[in-house]
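The structure appears below as structure tokens.
The values are calculated or read from the model by the stated rules, or taken from the named source; none is laboratory data. In this text, all values refer to a predicted model and were calculated from it rather than measured experimentally. For neighbour counting, all protein chains shown are included, and Cβ atoms are generated from backbone atoms with ideal geometry for every residue, glycine included.
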Amino acid sequence: MKHSTKLLAAALIALGLNQAAWAANVPDFRETLQAAERGNTQAQFNLGVMYEDGRGVRQNYAEAVKWYQQAAEQRDARAQTLLGVMYEDGRGVRQNYDEAVKWYRQAAAQGFAQAQTLLGMMYEDGRGVRQNDAEAVRWYRQAAEQGVAQAQFKLGMMYADGRGVRQDYAEAVRWFRQAAEQGDSTAQFNLGVMYGKGQGVRQDYAEAVKWYRQAAAQGDTAAQINLGGAYANGRGVRQDYDEAVKWYRQTAAQGDTAAQTLLAAMYFQGHGVRQDYVAAVKWYRQAAEQGFAPAQGLLGAMYENGLGVRQDYAEALKWYRQAVAQGDASAQDLLGNMYLKGRGVRQNRALAQEWFGKACQNGYQAGCDNYQRLKAGY
């Protein structure tokens with residue numbers, strides 16, 4: 001899983017190492033520079049942060065790297081870690097994963113938990129090192145046991161997926177919970193999923209909603225969608241379409257394709273909003289134009305049936321074809337129906353049966369039913 005090293009900023013804040021924590025103790029740029037030039041490690045580290053953030057001096061990544069390097073060579077674990085980040089991101093230096101790993105490893109060997117987390121990620125992703133899930137787990141565990149929420153979440157994922165360790169949902173829940181209780185939104189979402197599925201814990205929809213709500217409040221889009229789904233289906237909360245629409249809309253406005261599609265469905269059905277096919281088309285289109293296959297199929301259906309738009313078989317076919325190119329089973333069934341009825345294409349029962357068969361193979365029951373009917377000669 002690709003990650004952003006910007007997560008390190010939050011970790012450093014937790015340790016009191018960010019600009020806000022030390023600025024009051026740093027007289028000014030000139031004095032910091034003078035101390036750094038005399039070889040003071042703390043001043044070198046502080047100067048690197050000042051250049052990286054543009055605090056008290058014009059932002060200059062190359063200068064930040066220079067001063068992190070000097071502090072890192074004096075075995076300052078914070079500087080080693082941030083120097084690794086600069087190499088990983090290619091800021092102030094040419095991107096170099098091998099060099100990033102080198103500095104993460106030096107800091108990690110000193111027990112610096114943030115470096116251990118980042119080194120674990122490099123092993124998980126196979127960047128700068130040979131991909132090795134077991135080694136990723138080893139470093140995540142060391143950081144997790146020091147209380148780093150990101151490492152706790154990552155370790156939980158390894159247990160949930162059975163990567164580098166034997167799959168163990170109960171252990172995944174344990175680590176998700178520790179990270180979630182520290183406010184990690186992704187861990188909160190995943191803990192909610194575990195409660196919703198009853199994996200590693202007794203199934204409890206109300207508890208799932210509790211964790212979705214906490215993650216959703218921090219802007220986690222997946223949690224917002226699941227919270228909307230809980231309200232739409234009355235799982236763990238009283239069914240409330242208005243509240244479902246609220247969460248779908250909030251996420252849809254951020255460009256999330258799944259939320260846009262779900263919001264479109266609420267308009268189509270008239271749940272929580274006045275039934276409005278035009279609005280449904282609007283939201284299906286936004287998701288479809290981003291390449292979301294389910295929305296492409298549904299937008300095609302709106303064109304086929306003339307709901308919210310002028311009926312247009314050619315436009316319906318266009319969207320069905322985009323969806324089936326991604327293997328969408330529902331669209332395969334719908335495209336089969338177009339061939340069966342000769343809508344926008346020459347009627348062709350053989351092609352209809354072929355598309356129904358593909359939908360069936362992908363687990364779509366309507367496709368199976370249509371395939372069997374054609375095969376029987378109906």
Report whether or not Ala350 is aliphatic (A, V, I, L, M), surrounded by fewer than 22 Cβ atoms within 10 Å (Cβ to Cβ) and without any contact (Cβ under 8 Å) to a residue 24 or more places away in the chain. yes
Test Gln131 against the stated conditions and say whether it is within 16 Å of Gln44 (Cα to Cα), polar (S, T, N, Q) and either free of Cβ contacts under 8 Å to residues at least 12 places away in the same chain or buried (at least 17 other Cβ atoms within 10 Å of the Cβ) (or both). no
Which pairs do you get when a residue that is closer than 13 Å to Tyr169 by Cα and assigned to a loop (DSSP other than H, G, I, E, B), found in the range 179-199, comes within reach of a residue that is at pLDDT below 95 and among the polar types (S, T, N, Q), reach meaning Cβ atoms under 6 angstrom, with the pair 6+ apart or on two chains? none
Subset of the range 46-70, residues closer than 19 Å to Gln116 by Cα and of a type in the set (A, V, I, L, M, F, W, C), comes to none
Pick out the one residue from Ala160, Ala151 that is without any contact (Cβ under 8 Å) to a residue 60 or more places away in the chain, surrounded by 24 or more Cβ atoms within 10 Å (Cβ to Cβ) and either assigned to a helix (DSSP H, G or I) or of a type in the set (Ser, Thr, Tyr) (or both). Ala151
Residues located in the range 353-378, provided they are farther than 17 Å from Gly297 by Cβ and part of a loop (DSSP other than H, G, I, E, B): Ala376, Gly377, Tyr378
Filter the helices (runs of 4 or more DSSP H) completely within the range 245-352 down to those with at least 1 residues that are of a type in the set (A, V, I, L, M) and under 22 Å from Asp220 (Cα atoms). 257-269, 277-288, 293-305
Would you check if Gly120 is modelled with pLDDT of 95 or more, of a type outside the set (D, E, K, R), buried (at least 19 other Cβ atoms within 10 Å of the Cβ) and not in a helix (DSSP H, G or I)? no
As an exercise: evaluate Thr32 against (1) touching a Phe, Trp or Tyr at 6+ places or on another chain (Cβ under 9 Å); (2) more than 27 Å from Phe176 (Cα to Cα) and give the number of the one condition it does not meet. (1)
Of the numbered conditions (1) under 21 Å from Ala253 (Cβ atoms); (2) surrounded by fewer than 21 Cβ atoms within 10 Å (Cβ to Cβ); (3) touching a Phe, Trp or Tyr at 6+ places or on another chain (Cβ under 8 Å), Arg285 fails exactly one; give the number of that condition. (3)
Whether any residue in the range 190-200 is closer than 29 Å to Gln260 by Cβ and over 20 Å from the mean Cα position of the chain (by Cα) is what I want to check. yes
Restricting attention to the range 36-73, which residues are of a type outside the set (Asp, Glu) and either loosely packed, with under 15 Cβ neighbours inside 10 Å or more than 27 Å from Ala109 (Cα to Cα) (or both)? Arg38, Gly39, Gly54, Arg55, Gly56, Val57, Arg58, Gln59, Asn60, Ala62
Just need a number here: residues in the range 202-244 that are within 21 Å of Phe176 (Cβ to Cβ), part of a loop (DSSP other than H, G, I, E, B) and of a type in the set (Lys, Arg). 2
